[in-house]
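Here is the structure we will look at.
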Amino acid sequence: MERFGLVGLPNAGKSSLYNALTGGGALAAPYAFATKDPNIGVAKVPDDRLDRLAEMSKSRNVVHAAVEVVDIGGLVEGASKGEGLGNRFLANIREVDAVVFVLRAFEDDDVPGPSDPLEHLRVVEIELALADLETVEKRLAQAERQSKLNKGLGDEVDALRAANAALSEGRPLYRAGLTADQREQLAPHFLLTSRRVLAVVNVGENELDSIPEAEAKVAAEFNDAGDNVEVIGMCVQLEAEAAAITDPVERAEMLEGFGLGEGALFRMVRSAYHLLGLRTFLTTGDKESRAWTFHEGSTAPQAAGRIHTDFQRGFIKAEVIRWDELLDIGSWTKAKELGKIRLEGKDYIVQDGDVMEFRFNV
């Protein structure tokens, strides 16, 4: 299961966001380092398509896709040199697939720390860039020596030099305009700032009207990051309170009462899911409707392997229809009778929202 890590300064709202996403019991306290060891939980990826297909099929069981969420201890200035949780903190980030920056944008006299999200962003980016710079400098010196005898290292040296130039200026790699080839050369080094980023701007309960402005303010700072960064504004406290309401009707009423629609939490999970390059195909029937995670660009046999390795090994054909077309028709059986189910082979690239069944033989 792919995982994303919640990163930010102390008191930014990381643990509250973790609890809202996972229903976990992380300690959310108004002092630094309440989280010393990472909390790890699972967040369901909401998907209206799956819910509607399950209703159509009268499924007895519904299984959503999920991602792992890691609540990492607070970052402080000087972490790259061992301040605060230092190396423990940085090691925990290296183990996640994508990073969620939680940036505080609320005033609270009872909670210490800066309330400017751009100040939070500055500290986080500088510390992660400095940690990466140390890694890159060591590998670059080594690769330059080795490249005198091994000309095959030339591309890696060029990528390391480009990374070194950006990081030396305190610029994270997701802002550095690296080419796909350069990113591929750097991938084995698990650099902290090479991951895609979702920035959550956390406003106060009395500042909901400021969410668009807060989002825009932070997004403007990422204007050189391309599609490597997404920004979402929310009130983490309200989202956490809503998530704690088990009755979906009551939860919807609370969110609607604050003018929050479905809430930003669902949008945030979907954004994080897509930032990881993850997509969903669906299966549906009276026993179960289920969302299956696959990586964008996967072939039909690779998607089949997400269900079971035997499906991939013995793949023959995939039966495919778009989710909305199937809903319009009303059932898989009727879609087959109408000739609307396509047969796709080994070269078919699976699309997000495909409803599929696999033929296989082992």
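The values are calculated or read from the model by the stated rules, or taken from the named source; none is laboratory data. Being a predicted model, the structure only gives us computed values, none of them experimental. Cβ atoms come from the backbone with ideal geometry, glycine included; neighbour counts cover every protein chain shown.
List of remarks:
- Residue check for Glu296: acidic (Asp, Glu), in contact with a Gly (Cβ under 9 Å, 6 or more places away or on another chain) and closer than 21 Å to Gln351 by Cα: yes
- Close contacts from region 99-111, counting a first residue that is surrounded by 22 or more Cβ atoms within 10 Å (Cβ to Cβ) and a second that is charged (D, E, K, R), with Cβ to Cβ under 6 Å and a gap of 6+ residues or different chains, come to Val99/Arg195; Val102/Lys14.
- Single residue of Ala272, Ala220, Ala225, Ala240 found to be in contact with a Phe, Trp or Tyr (Cβ under 6 Å, 6 or more places away or on another chain) and either loosely packed, with under 15 Cβ neighbours inside 10 Å or within 16 Å of Leu17 (Cβ to Cβ) (or both): Ala272
- Residue match in region 234-257 (condition: within 30 Å of Thr299 (Cα to Cα) and touching a residue at least 24 places away in the same chain (Cβ under 8 Å)): no
- Residue within region 161-170 that is touching a residue at least 12 places away in the same chain (Cβ under 8 Å), of a type in the set (Gly, Ala, Ser) and on the phi > 0 side of the Ramachandran plot present: yes
- Looking at Asp354, Asp328, Asp347, just one residue is surrounded by fewer than 15 Cβ atoms within 10 Å (Cβ to Cβ), under 28 Å from Lys58 (Cβ atoms) and at pLDDT 95 or above, and that residue is Asp328.
- Scanning region 279-311 for residues that are of a type outside the set (Gly, Ala, Ser), within 21 Å of the chain's Cα centre (by Cα) and assigned to a loop (DSSP other than H, G, I, E, B) turns up just one, Glu296.
- Leu260 meets the conditions (1) surrounded by fewer than 22 Cβ atoms within 10 Å (Cβ to Cβ); (2) touching a strand residue (DSSP E or B) at 6+ places or on another chain (Cβ under 9 Å); (3) assigned to a helix (DSSP H, G or I) in every case but one. The failed one is (3).
- Selection count where residues are crowded, with 19+ Cβ neighbours inside 10 Å and either assigned to a loop (DSSP other than H, G, I, E, B) or in contact with a strand residue (DSSP E or B) (Cβ under 7 Å, 6 or more places away or on another chain) (or both), scope region 182-207: 10
- Test result for Arg290, crowded, with 20+ Cβ neighbours inside 10 Å and among the basic types (Lys, Arg): yes
- Qualifying residue in region 263-278 (condition: under 23 Å from Val69 (Cα atoms), of a type in the set (S, T, N, Q) and part of a helix (DSSP H, G or I)): yes
- Residues satisfying the stated conditions in region 224-263, i.e. of a type in the set (S, T, N, Q) and within 22 Å of the chain's Cα centre (by Cα): Asn228, Gln237
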